[in-house]
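Structure first, then comments.
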Amino acid sequence: MPRVSTATIHAALTLAIGMVSVEFPAHAKEYSDPAPPETRMLADVPAPEPTVQPELTFHAAPKPLPKDATTEDWKDFLGTTHNSISRETHLLKSFGGAGPTIVWEVAKGEGYATPAVIGERVILFHRVGEEEVIECLNAESGQRYWRHAYASDYRDRYGFGNGPRCQPISDGAFVYTLGVQAKLTCLKLETGQRLWQRDLKAEFDLTLDFFGVGATPLLEGESIIVNVGASDGPCAAAFDKLSGKMLWGAGDEWGPSYASPIPGDTDAGRRVFVFAGGESRPATGGLLIIDPKNGHVDCSFPWRGVPYESVNASSPLVVDSQVYISECYGAGGALLKIDTSGACSKVWSNEILNTHFMTAIHKDGYLYGIDGHGPQNAPLVCIELATGKEVWREEPEWMTPVSGDQGTRDYNLSPALASLLLVEGRCLVLGQYGHLAWIDLNPEGYRELDRTHLFMARQTWAMPALSKGLLYVGQNDPGLDGTQTRLICYDLRAE
């Protein structure tokens, strides 16, 4: 009989005797699990060694990691801090004339999912042919450890890629993915063996909304929290990370959004913030503040643009016992205060910083983000956190040579729908058209420190992943410079 890991035994016991105890408040609506998954007994097999795959192009080994560098994995949405702030240190201050060195690149299929980085492993989640594919690659070589795939027939109604949107997440032992058709999968990180899988679309009778499923789940303690958005509830649900069983459901007002659940420590204790609101007539949605221990909804705050084809897509930003939410279809942004009971009240609201699907960054009492749904007229804006007052706005002119049939011409390609990552006191900006820049976030005005152009493509919408001085960037559509869709590893390590 094959040996079984301790984690697998725990999962089996969870199914058999219900080890996980969940307390539901008397006034909370209780949801039953529509289809508890089968948890497999995993054979004790050795982890495979990485091998070269045809899709890989290796360029150059990265510089040695400085001995006193602070590093961290990228295994949660928006990083381990859940707020687009990285604790990495000893990174390049200047990109140089040729830009950062490419370590390796691997051809990828469709999708906008940011990769995850856990130790020496990178998880790439994408669509190849008629399958959603999860691959585990070596962080410094790009060589493949394992590959797992399952069928997918999703077709985006607006023509924006048929692949997954949600970043893989990990607890260090297992990796979890949520596909564009709501397949929730748990794989063992070292071997790629599948522990369990759920088809949330079938189980909860979900619609796929405008662009399929796009809200990355949250690992919180022993549970995975998903912005499910079933028509009669739950709006959010927690599943045991080892058994896949549903632990609780919360809310019944709003459908799924494209904003990922975010955790935060508040005056009321640990809470999870779900900014919901999917396809509906009339358009409805808002923020749920949930106790992750039992699914109790402490606060339900309606916030959604009026147009039918609007979405809530920017994840909440938690600052102490306050939370900032924003959208770009008419409601704008709002700052809420959470009291000791978990109830929330509005501090201010305005239509100054209307984020689309990027999440604003907080630094020293100010918020910074991209206003509008672009790509034109999408400036970088600074507002004061306490008051919501606009401090400055700037749409940088990034003049860029672009080659085509008529020769080479210079175009003003602003950051547009960019991603922002605060690291070592500076902000790393990945622009929509493949630019990479360092800027200084300060209330005095826009200040660019350095900039380079990685490639000429139009859908660089996913957050880059930064881990151990290496930056992983997804090129999600073919480039006007002849490049194809790929995942690229850049060396940002300082000398």
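General remarks:
- Eligible aspartates and glutamates near K188 by straight Cα distance, threshold 16 Å, same-chain separation 8 or greater: E38, D44, E49, E120, E135, D171, E222, D240
- In the calculated pair-distance distribution of the stretch 318-437, the portion above 25 angstrom amounts to 30 percent of the Cα-Cα pairs.
- Over the chain, DSSP H runs of length four or greater, each weighted -39,500 (n - 2.57), average out per residue to a 222 nm ellipticity of -1000 deg cm²/dmol.
- Coordinate range along principal axes, alpha carbons of the stretch 163-294, Å, largest first: 46, 38, 21
- Each of G388, Q143, N412 was placed along the dipole of the chain (beta-carbon charges, centred on the mean Cα), and the one lying farthest toward the positive end is Q143.
- Cα convex hull of the chain - mean projected area over all directions, nm²: 23.2
- T70, T101 arranged by Cβ crowding within 10 Å, fewest neighbours leading: T70, T101
- log₁₀ of I(q)/I(0) at q = 0.26, 0.31 Å⁻¹ - the stretch 153-210, Debye sum with one point per alpha carbon: -1.06, -1.24
- Relative contact order, percent, the chain [alpha-carbon distance under 8 Å, six or more residues apart]: 14
- P(r) tail fraction, the stretch 401-458 - alpha-carbon pairs more than 15 Å apart, %: 53
- Dipole of the chain [Lys/Arg +1, Asp/Glu -1 at C-beta], most positive-end residue of S32, H126, W196: W196
- The stretch 174-297: relative contact order as a whole-number percent, Cα under 8 Å and 6+ apart: 17
- The Rg/Rh ratio for the stretch 54-199, using Cα coordinates for both the radius of gyration and the Kirkwood hydrodynamic radius, is 0.98.
- Placing unit charges on the Cβ atoms only, positive for Lys and Arg and negative for Asp and Glu, gives the chain a dipole magnitude near 520 debye about its Cα centre.
- Of K63/K241; K29/K346; K201/K241; K75/K201; K337/K468, those spanning more than 30 Å from alpha-carbon to alpha-carbon: K63/K241; K337/K468
- Taking 0.36 nm per residue of separation and subtracting the current Cα-Cα distance, fully stretching the chain between R393 and D68 would add 113.3 nm.
- Going by neighbour counts of Cβ atoms within 10 Å, the residues T71, T387, T177 line up, fewest first, as T387, T71, T177.
- Projected over every direction and averaged, the convex hull enclosing the alpha-carbon atoms of the stretch 367-470 yields 7.5 nm².
- Compactness index (Cα Rg / 2.2 N^0.38 Å), the stretch 180-234: 1.22
- The stretch 243-378 shape via C-alpha gyration tensor axes, a/c threshold 1.5: oblate
- The packing ranking of peptides 278-285, 457-464, 310-317, highest mean first, is 310-317, 457-464, 278-285, where packing means the average number of other beta carbon atoms within 10 angstrom of each residue.
- Computed over the Cα atoms of the stretch 257-327, the ratio of the radius of gyration to the Kirkwood radius (Rg/Rh) comes to 0.99.
- Debye-formula intensities of the stretch 420-495, expressed as log10 I(q)/I(0) at q = 0.13, 0.23, 0.26, 0.27 Å⁻¹, are -0.40, -1.09, -1.27, -1.33 (one equal scatterer per alpha-carbon, no solvent).
- Likely footprinting exposure, V274, V297, fewest C-beta neighbours within 10 Å first: V297, V274
- Placing a label point 7 Å from the Cα of A60 along the Cα-to-Cβ line, the residues of the stretch 104-134 whose backbone N sits under 18 Å from it are 104-106.
- Partnerless Cys - the chain, beta-carbon criterion under 4.7 Å: C136, C166, C186, C235, C328, C382, C427, C489
Here, each number is a calculation from the coordinates, and none is a lab measurement. If you're wondering where the values come from, they're calculated on a predicted model, not measured in any experiment. We place every Cβ from the backbone using ideal geometry, glycine too, and count neighbours over all the protein chains shown.
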